[in-house]
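The values are calculated or read from the model by the stated rules, or taken from the named source; none is laboratory data. This one's a predicted model, so the numbers in the text were calculated from it and none came from an experiment. With ideal geometry, Cβ positions are generated from the backbone for all residues, glycine too; neighbour counts draw on all protein chains shown. Protein only, heavy atoms only, side chains kept; ligands, DNA and RNA dropped before computing areas. Shrake-Rupley method; radii C 1.70, N 1.55, O 1.52, S 1.80 Å.
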Amino acid sequence: LIEGRGEEFGVATRYEPADGVAPDRAVALEWWINAHQPFGLGAALARDGLREHFGNEWLVAVSYHGMEPEPDPLANPFSTWMTEAYGRGGPRHAADGLYDLPAAARTRFKQEVYDACRDAVLKRLEEPGGFKITLSAQADASGVHGQAIVHGYADPGMLLQLMVCERGVLFPGKSGVVIHHDVARASLTTPMEGLEYVPEANGMTVNFSRT
């Protein structure tokens with residue numbers, strides 16, 4: 001879990017729901033970044049601590065690699081599109097797309113980045129989720145295949161996106177990050193910008209298959 005040359009950031013506590021009442025949601029912590037981004041390591045180390053503190057149950061961490069300030073081998077058509085559409089060209093760091101957070105920092109400020117992100121995630125966990133997602137998937141030599149069933153309210157213009165992310169990718173970029181986590185690799189929905197979310201009585205079902 002070390003994201004840097006000899007640097008690491010661990011936390012002494014784990015998230016415990018207030019009053020023992022578990023949230024009915026998780027929070028998306030999205031990071032639009034480049035492997036050569038100056039001071040990217042400070043934010044990467046903070047994200048290490050956040051994954052450790054919240055775990056996969058409460059935190060969905062995703063990183064989208066763009067092509068600025070230098071060409072990045074971890075970038076792909078999907079991550080590049082997401083960077084242009086939502087990442088403001090990068091770097092950007094956001095919780096559920098609502099709270100803008102520090103996207104880059106010197107490593108001595110990793111605690112400040114961690115604190116800002118943790119507080120934003122905690123605020124979002126206090127809000128009702130409103131959605132139930134049932135996901136089944138399998139990966140084999142032929143690709144990734146599965147089905148998603150989504151229940152919840154629909155607002156005009158709401159989109160449903162499915163994507164595949166890689167847990168850890170080794171690439172020593174100029175940012176100082178060596179192991180890049182939660183790297184968005186491809187969209188599982190067509191078109192890649194997402195499907196119009198139109199649930200029926202039994203929710204919205206999306207079958208996906210990518211080779």
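Table for the structure above
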item	result
Per residue, in Å², the accessible surface of segment 59-101 once ligands and nucleic acids are set aside, probe 1.4 Å	44
Area accessible to solvent at residue 140, 1.4 Å probe radius, in Å²	80
Area of residue 166 that stays accessible when all protein chains are in place (1.4 Å probe, Å², to 10)	70
Rounded D (µm²/s) - segment 1-116, Kirkwood Rh over Cα pairs, Stokes-Einstein at 4 °C, 1.567 mPa s	88
Apportionment of accessible area to carbon and sulfur, segment 131-211, percent (1.4 Å)	54
Distant-in-sequence amide H partners of residue 186 (H built 1.01 Å from N, under 5 Å)	164
Accessible area in square angstrom per residue, segment 106-211, 1.4 angstrom probe	60
Alpha carbon convex hull of segment 54-111, volume per residue in cubic angstrom	117
Sequence-distant lysines (8 or more away, or on other chains) whose Cα lies within less than 28 Å of residue 110	123, 174
GluC sites (Glu not before Pro) within segment 1-78, DSSP loop, no more than 14 other Cβ atoms inside 10 Å	8
Extension gain, residue 201 back to residue 132 (0.36 nm per residue minus Cα-Cα distance, nm)	23.5 nm
Sorted largest first, extent of the chain alpha carbons per principal axis (Å)	51, 44, 33
Relative contact order (%) - criterion: Cα under 8 Å, at least six apart; region: the chain	25
